[in-house]
Amino acid sequence: MLREEGVKKYSAVLFDLFGTVALFDREQLPLFAWNGQTSRSTMAGLRLLIAQEMPQLDFAQFLAALTEVNRELAEERAREMREFSSGYRFLLALTRVGLEDGEDTRRFAEALSQRHMALLAAATTIPRTHVELLAHLYRTCRTAVVSNFDHAPTARAILRTGGAISHFHQITISDEHGWRKPHPRIFADTLAALGVPPHEALFVGDSPQDDIVGAKRVGMDVAWVNASGGTVPAEVPAPEYIVRAIPELRALFT
């Protein structure tokens, strides 16, 4: 839903990545059968890698350790709004099952991270209509990506493969930056890099808490990408715009 009257002119548009610019399709992940249940998960690829490269590692113990590490880090991320890299997450899981924190373990943690990320990237696409919008905006204003993601090379690879990376003046990934949305620092630093004050910028994202709340705190207008047709949570400030997908924003920049 775009406002039909009094459309504001923006000097910059900042985008979330996943669920906004890039779309993830879980059905493109491999099938993973475990304890009588079948799901789509990168764990299928990780189990194969462990069987090939470190068969002495008990996969059930590794999976239990990784599940616990993921829970702990998710809680800490939410509390501290700091990012932890994908490689660090896998390293913690490996040391939890008894591997020594040395060069070989760190190298294998990175291999697990790379396999996990390759499978995620293969299930992620950027629609052509999204690229066309980004190309248009790049010519008319300053553009940026601000993403919570724990492996910046994969985020950049997805943008590159999708043909979108050249349409951003600034790319800020929490893995490189250190802070995660909704912390104001990741928004403020991106705006500073663009040379644009908050009141002249529009933030576009699909997460009510990370994107709407975070951007509003620093003084930006927000376009909420509401692909499912839900409602804004009661505790979240109302966004200026609601769209199903980012190509609908073209009407603001004609």
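Points worth noting:
- Residue check, residue 30 in contact (Cβ under 8 Å) with a residue 40 or more places away in the chain and either surrounded by fewer than 17 Cβ atoms within 10 Å (Cβ to Cβ) or not acidic (Asp, Glu) (or both): yes
- Test result for residue 77, surrounded by 12 or more Cβ atoms within 10 Å (Cβ to Cβ) and either basic (Lys, Arg) or on the phi > 0 side of the Ramachandran plot (or both): yes
- The listed residues are 79, 71, and the only one of them that is free of Cβ contacts under 8 Å to residues at least 12 places away in the same chain, out of contact with any Asp or Glu (no Cβ under 8 Å at 6 or more places or on another chain), in a helix (DSSP H, G or I) and within 30 Å of residue 242 (Cβ to Cβ) turns out to be 79.
- Matching residues in segment 148-196 - criterion: being in contact with a Lys or Arg (Cβ under 8 Å, 6 or more places away or on another chain), crowded, with 24+ Cβ neighbours inside 10 Å and either part of a helix (DSSP H, G or I) or among the small types (Gly, Ala, Ser) (or both): 174, 186, 187
- Residue tally, condition outside any helix (DSSP H, G or I) and either surrounded by 13 or more Cβ atoms within 10 Å (Cβ to Cβ) or among the polar types (S, T, N, Q) (or both), over segment 33-57: 11
- Cross-chain or 6+ apart pairs with Cβ under 6 Å, segment 236-254 first and touching a residue at least 24 places away in the same chain (Cβ under 8 Å) and closer than 16 Å to residue 132 by Cβ, then surrounded by fewer than 16 Cβ atoms within 10 Å (Cβ to Cβ) and not β-branched (Val, Ile, Thr): 251/2
- The listed residue being of a type in the set (A, V, I, L, M, F, W, C), without any contact (Cβ under 8 Å) to a residue 40 or more places away in the chain and closer than 25 Å to residue 26 by Cα, out of 111, 157: 157
- Test: residue 129 is assigned by TED's automatic domain parsing to the domain that holds residue 18, at negative phi and not charged (D, E, K, R): yes
- Criterion: under 16 Å from residue 19 (Cα atoms) and not assigned by TED's automatic domain parsing to the domain that holds residue 77 - qualifying residue of 210, 175, 189, 221: 210
- Among the residues listed as 91, 120, the single one being in a helix (DSSP H, G or I) and farther than 30 Å from residue 246 by Cα: 91
Quick grid of which residues meet (1) of a type in the set (A, V, I, L, M, F, W, C); (2) within 10 Å of residue 203 (Cβ to Cβ):
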site: 217; (1), (2): no, no
site: 222; (1), (2): yes, yes
site: 225; (1), (2): yes, no
site: 229; (1), (2): no, no
site: 232; (1), (2): yes, no
site: 236; (1), (2): yes, no
site: 242; (1), (2): yes, no
site: 245; (1), (2): yes, no
site: 250; (1), (2): no, no
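- When segment 197-214 is filtered for residues that are crowded, with 24+ Cβ neighbours inside 10 Å, of a type in the set (Gly, Ala, Ser) and under 17 Å from residue 246 (Cα atoms), the ones remaining, listed by number, are 201, 205.
- Of the residues making up segment 96-110, those that are part of a helix (DSSP H, G or I) and either crowded, with 17+ Cβ neighbours inside 10 Å or touching a Gly at 6+ places or on another chain (Cβ under 8 Å) (or both) number 4.
The values are calculated or read from the model by the stated rules, or taken from the named source; none is laboratory data. Treat the numbers as computed from the prediction; the structure is a model and nothing was measured. No Cβ is skipped: glycine too gets one built from the backbone with ideal geometry, and neighbour counts run over all protein chains shown.
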